[in-house]
Structures are given as C-alpha cells and as structure tokens.
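Worksheet: the structure to be examined is printed underneath.
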Amino acid sequence: MPPAKPALLLALDSAGRIRVGDLLMARAIWSGSISFGLLNVPVRLYSAVARRSIGLREIRESDGARIRHRRVAEGTEEEVPYEKIVKAFEITPDRYIPLTRGEMEALAPEKTRSIEVMDFVDLEEIDPIYFDSPYYLGPAEGAEKAYSLLARAMEESGKVAIARFVFRNKEHLAALRPADGVLTLTTMRFADEVVPPEELEDALPSGKPRVAKREVEMAEQLIDSLTRRFDPAAYRDEYREKLLALIESKAEGKEIVAAPEGEAPRPTKAPDLMAALEESIAAAKGDGAGAKKRAKKPAKRPAKKSRAKAKK
C-alpha cells in the first residue's frame, strides 16, 4: 500500500488563489474606546491582514533531524533560563548598561483603554511612508449607533483622525479613517523613525541631471499608457505560490529540476533613453491594439472538404 500523501494545509480562496491554512476567525485582539471631546465610542480591534507566509523549519540535511536554537552564555555551553535574562544597552563593544525588569516596567506607557484622538487631517497630507500596520475597529456591544454615527461623520467630512493609544505595551501613533461604514485603524511611524533622504549621503544623487523636456513628455506618455484602475486582486505573491507548488511536488515524490538563474536587468544608458521610451510606448500601445483586434476578429470556420477528397 503506497504511503499516504502528507496533509498539506493548501487550499484556494474565492479568487482561485492558493492560500495557507484555514480561514482566520474574527477575534478581537484589543478592546477600548475612541475618545475625542466628550464622546467615547467603545470599540474592538481586529487584524486587517492575514499573514500568508510559509513557515519553514531548519533540519540537518543528512538525516532530517530538527535544529533547535538555545540561549547560551557567550564563551560557554551553559544554557540560561529565561527568568535570568535581562535587557541591556551596549554603549561600547562588550560594555553594557543592564536594565532590570522593574526598571523597564516603570518606564512602560500607562495601559489605558483609550484611543485618544488628537487632530483631524486630510488623508492627502499624510505621506504613505508613515503608515505601518492596518486593523479594523468594530463596535463593542451596545455601541453600534455611536460607532455608525462617528463613521458616517468622518466619511462625510473626508477627514482622517490622528490618535495615540497603547497596544502590546507600546505607545502607538495611529490614523483612523472610514471605509464603507467601517472604521479602520492604521498604526503609524513617529517622525523620528522615518529616515530623511538627506541622511543617505552618497546613496542618492547630489544634483539633478539635466533632463530634456521631450524626454519628460515621453516618460509621461509611457506612464499614461500603463495607467490602470487599481485592483489589489490583480497582484499575487508569485514566489509563495511557486514555493507551495514545489512543496506539493516534492511531497508527491516528483523529481525537481532547478531552473537556470536569469540574468539581472541591465540599466538603460543615457543615450538610449529616448529609444527605450519610444519602444516601450509602442509595445504598450501594440498590446492594447492587439487585444482589440483579437476580440473583434471572428473565429475561423473549418475548411470544407473538396468533392474529390470526399469521394476518396
């Protein structure tokens, strides 16, 4: 009797894409209230993303033995239990300032249950570089009317609320905004967490190279020819899908042949920019025209057999 195929948690979603594991249950990960002025709206926080990363283990290649990582003191093989480990800040190589658990807890932000709204701003004023992790806010039991009122008022005003709250022992800056009657919360980076371009020194060009007006117009034309309405479902994690297919194939005992590595794309040289732009625009237009021709072109009818062939 052949060995049973390993049960891989692979399935397809409603769009026919591969997903890992079962559907996530809606479970609140934080509860509190949105507070601004004299208004308090009790809410629950839910994750807005489903991590689809594939968990891979480390094993020894020769026999498949699982690799375990231990906490050991440097220079010894002595394993250190968790309760004997403290945090420390390294001021110079091998010189540390230890911080006890009591000291760390005393500095921890006050654990409030309030999402304190500080300001309302226009969404266009926020650079996306400040956004971090998205969540959904749902109403707590009995707060449905106040929740709907706040969502509708924000939607009609077109404003985004900037708030702060404590989540997982850390103070967060956050943006609250409505989406089809549902409030979303996206944690944000503080200003000093975003690296300004001038700190990259030699990584970015110091001056602006001279660019001809015609080159700019051609580049804009190429952008226009490739402009589409944003559809998030049109973009897929191709690497994850290939990795899942590889895992399934190996689980079925199929032989895998490694594909040759592709060449890295070469940068377009300055003298070739116009030619590259013109070819790109022509290709973009050609694909569109070709698609229309293919759509309009009638299907070919099967050729009639000649009488001579029919007699044979």
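Bear in mind these aren't lab numbers, they're just calculated from the coordinates by the rules spelled out. None of these values were measured; they are calculated from a predicted model. Counting neighbours? That spans all protein chains shown, and the Cβs are built from the backbone with ideal geometry, glycine included.
Summary table below
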read-out: 5 angstrom amide H check on S114, placed H, neighbours 5+ away; value: S33, V166
read-out: Pair D132, D237: separation of 7 Å Cα→Cβ label points (nm); value: 2.1
read-out: Overall Cα dimensions of the stretch 94-248, principal axis frame, Å, largest first; value: 60, 57, 48
read-out: Shape call, the stretch 139-188: gyration tensor on alpha carbons, a/c limit 1.5; value: oblate
read-out: Cα-based Rg and Dmax for the stretch 19-105, where Dmax is the largest Cα-Cα distance (Å); value: 22.1, 66
read-out: For the stretch 41-149, radius of gyration divided by Kirkwood radius, i.e. Rg to Rh on alpha-carbons; value: 1.11
read-out: Amide H partners (placed H, <5 Å) of S133, local residues excluded; value: T187
read-out: Sorted largest first, extent of the stretch 132-219 alpha carbons per principal axis (Å); value: 62, 36, 16
read-out: Backbone HN-Hα couplings from phi across the stretch 242-256 [Karplus 6.51/-1.76/1.60, Hz, Gly and Pro as x]; value: 5, 5, 5, 5, 5, 4, 5, 5, 5, 5, 8, x, 6, 7, 9
read-out: Net +/- balance of residues flanking L173 in space, Cβ distance below 12 Å, scoring K and R +1, D and E -1; value: -3
read-out: Options G64, P81, Y96, ranked by Cα towards positive dipole end of the stretch 29-99, top entry (Cβ charges); value: G64
